[in-house]
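Written out below as C-alpha cells is the structure these notes cover.
The values are calculated or read from the model by the stated rules, or taken from the named source; none is laboratory data. These numbers come from a predicted model, not from an experiment. In this analysis, Cβ positions are derived from the backbone assuming ideal geometry, glycine residues included, and neighbour counts consider all displayed protein chains. In case anyone asks, the SASA skips ligands and DNA or RNA and just uses the protein heavy atoms, side chains included. Shrake-Rupley method; radii C 1.70, N 1.55, O 1.52, S 1.80 Å.
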Amino acid sequence: MVGLKAPEVPPPAAVKFLSAGTAACIADVCTFPLDTAKVRLQIQGEVRIPRSPSTVEYRGVLGTLSTMVRTEGPRSLYSGLAAGLQRQMSFASIRIGLYDSVKQLYTPKGAESTGLGARLLAGCTTGAVAVTCAQPTDVVKVRFQAHGALPDSARRYSGTVDAYRTIAREEGVRGLWRGTLPNIARNAIVNCGELVTYDLIKDALLRAQLLTDNVPCHFVAAFGAGFCATVVASPVDVVKTRYMNAGPGQYRNVPSCLLALLMQDGLAGLYKGFVPSFLRLGSWNVVMFISYEQLQRAAVLAWPAPS
C-alpha cells in the first residue's frame, strides 16, 4: 500500500484549504533548520549599521547547522518556528488550498483541460493574495532566524508577540509589511514554480500511465517542483531576506538593497544560500505535497459528501 486512493469526487475547497495549511506546517517542522541555515547564509557578509565587532562565519549547509548548534545551542535551529507556523496556516492555506478553485475561474467554460496560461495566472493570483495577508508573520520569522547570529545584547525581541509589538512601535504598522513587493514577486514566482510544475509533472505522469495517482507520483512531481522553484526564486529570495532583516534606514528601498548586494557580492550574491534553499524547498515540497494529498483523501473518507 502506498497511500490512500484518490477520491472519485474532488474534495471541496474548504478541505483543500485546511489540508494545505496543515500539510505546510508538517513540512515546516521537518525542514525548518534548513530554512534557518538558508537565511543565515543569505545575510552573511551583509554590511550592517551599526557594525558588529564579532561575526560568526558560516560555511555550507552542514557547517552552518553545526556552527549554530555549537555557538547558540540546538534550539537556535528552530528560532522563529512559531511565526513560521503562523505564516503557513495563513499563507499556504490560501496559495495552495485555493489554487485549484482559482484555476477553474481562469479556465474557459467548456474547455477539456486547463491550459498553461490559466495555471500560471492562478499561481500568481493565490501567491500574491497569500503574501498580502501573511506578510507580518514572514517578517517576524526572518528576523528571528537572523536574530540568533547577534550577541545577546544586540537582540531586538524577546518573543514572537514582542516582535510584532516592537516592529509596529518602532517602524510603524508599515514595518510589519516590510518587503511586501519583493515577497509578492518571489511568491508569485515560487507559486508558479511549485504548483504549476507539480501540476504539469503529475498530469504528464498520469497521462503517460508511468505512475498511478499516489505517493510515488506525488514524490516525483514534488521533487521537480522544488528544484524549479529554487532556480527561479533564489535571486528574489535573497533580496527579500536582506531587506526584511534590515534595520530602519539601512536601505532606502528594495532597488537600493539589490544594488548594495550586487556591488558587494556581484551576480553570485543573488544565489547565496542556493544549496540550503534547494535542500529546504525540495524536501519541503516533497513532505508538503504528499501530506496535502493524503490529508485531503483522509478528510473525504472521514466526512463523505452527502448523497
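Here are some notes:
- Test result for THR230, of a type in the set (S, T, N, Q), part of a loop (DSSP other than H, G, I, E, B) and in contact with a Leu (Cβ under 8 Å, 6 or more places away or on another chain): no
- Checking GLU170 against (1) in contact (Cβ under 8 Å) with a residue 12 or more places away in the chain; (2) within 28 Å of ALA82 (Cβ to Cβ); (3) crowded, with 16+ Cβ neighbours inside 10 Å, the condition it does not meet: (3)
- Residue in region 79-102 that is modelled with pLDDT under 85, touching a Gly at 6+ places or on another chain (Cβ under 8 Å) and crowded, with 20+ Cβ neighbours inside 10 Å present: yes
- Boolean, VAL69 is among the β-branched types (Val, Ile, Thr), at pLDDT below 85 and not assigned by the TED database to the domain that holds GLU194: no
- Those residues of region 230-262 which are modelled with pLDDT under 80 and closer than 20 Å to TYR157 by Cα, in sequence order: THR241, MET244, ASN245, ALA246, GLY247, PRO248, GLY249
- Pick from region 142-159, criterion of a type outside the set (D, E, K, R) and open to solvent by 30 Å² or more (accessible area, probe 1.4 Å), ranking: modelled with the lowest pLDDT: ALA149
- Exactly one residue among ALA6, ALA14, ALA24, ALA37 is in a loop (DSSP other than H, G, I, E, B), open to solvent by less than 70 Å² (accessible area, probe 1.4 Å) and not polar (S, T, N, Q), and that residue is ALA6.
- Residue tally, condition assigned to a helix (DSSP H, G or I) and touching a Ser or Thr at 6+ places or on another chain (Cβ under 8 Å), over region 90-101: 5
- Among the helices (runs of 4 or more DSSP H) confined to region 102-205, the ones with at least 3 residues that are out of contact with any helix residue (DSSP H, G or I) (no Cβ under 8 Å at 6 or more places or on another chain) are located at 160-171.
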